[in-house]
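Here is the structure we will look at, set down as structure tokens.
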């Protein structure tokens, strides 16, 4: 937008210069040249626009007393601000004087001063605190954190298990304080569970400090995330997928199916049961795992049309028996 604004000004200025050559007494613009210097971060206002970068800018306004345009040509210079970053560490309980401020907590602090060039001199100061106080000779500490956490020990952030030692001189230089830290980092735990229940059942997931019961009246697949704590007190995240299905009844099981070319039915496919198929002489001709169903084949070939006996063993322990007729379409 700024480039379009100044490009338009340049076109208009060129037009006025051409017009002025033809009639200098009428509409020759009044041109004023300015040279200004600003500090970084303190914009210069020209024609309602805040300018913060070095360059040459044009601004045109109509001057009513002279009844012609007034063009301002500004050459803008920018003096840089200066930035200083410093840091220091104090023992917990002590204080730090930063300018006219007394600091007792860790953090990043900013102070603005005037530099030699008259612009801002910005000081960013980072203060760290030594924890624990480290004020006793031969101090032994044992701490536990969870995976992903940090432990601040004498100005250092620790994330792995181990034994750490630091020597901190006392302020009065009388003796050193030797601190030994034994740090244990315990893992978070994650688990993925899958459970299939009937619509008339409920399922309770028991985890540390949390028991969550799921009851779903409609068939479907439901995903849940349960957040608890493990034996170390760290995060325990369980991703649970519950599939709810209607419990089979005899009336739900078909009495015939057609596994031939254009139909290719599969008997009891997708059900939570293990299926056994027998011929009328009691010979088992197929065993299907949970969810597979019978495709009507025996030893790699389609079974002859006729009546067969099935035994359905459900995952909840129920057993259903019946007959199924294999038919061939006309």
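The values are calculated or read from the model by the stated rules, or taken from the named source; none is laboratory data. Since we're looking at a predicted model, the values are computed, not measured. Cβ sites come from the backbone with ideal geometry, for glycine too, and all protein chains shown count toward neighbours.
A few remarks follow.
Yes/no per residue for (1) in contact with a helix residue (DSSP H, G or I) (Cβ under 7 Å, 6 or more places away or on another chain); (2) under 30 Å from residue 186 (Cα atoms); (3) assigned by TED's automatic domain parsing to the domain that holds residue 45; (4) without any contact (Cβ under 8 Å) to a residue 40 or more places away in the chain:
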residue	(1), (2), (3), (4)
71	yes, no, yes, no
74	no, no, yes, no
107	no, yes, no, yes
115	no, no, no, yes
118	no, no, no, no
144	no, yes, no, no
149	no, yes, no, yes
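- Any chance residue 124 is touching a strand residue (DSSP E or B) at 6+ places or on another chain (Cβ under 9 Å) and within 30 Å of residue 60 (Cα to Cα): no
- Strands (runs of 3 or more DSSP E) within segment 1-79 that include 1 or more residues surrounded by 12 or more Cβ atoms within 10 Å (Cβ to Cβ) and modelled with pLDDT under 70: 55-63
- Of all residues in segment 160-173 being part of a strand (DSSP E or B) and modelled with pLDDT of 90 or more, the one that is farthest from residue 140 (Cα to Cα): 162
- Residues within segment 288-309 that are at negative phi and either surrounded by fewer than 12 Cβ atoms within 10 Å (Cβ to Cβ) or more than 52 Å from the chain's Cα centre (by Cα) (or both), tallied: 10
- Within segment 174-286, strands (runs of 3 or more DSSP E) holding 2 or more residues that are under 30 Å from residue 302 (Cβ atoms), at pLDDT below 85 and not assigned by TED's automatic domain parsing to the domain that holds residue 310: none
- Boolean, residue 311 is under 30 Å from residue 195 (Cβ atoms), in contact with a strand residue (DSSP E or B) (Cβ under 8 Å, 6 or more places away or on another chain) and in a loop (DSSP other than H, G, I, E, B): no
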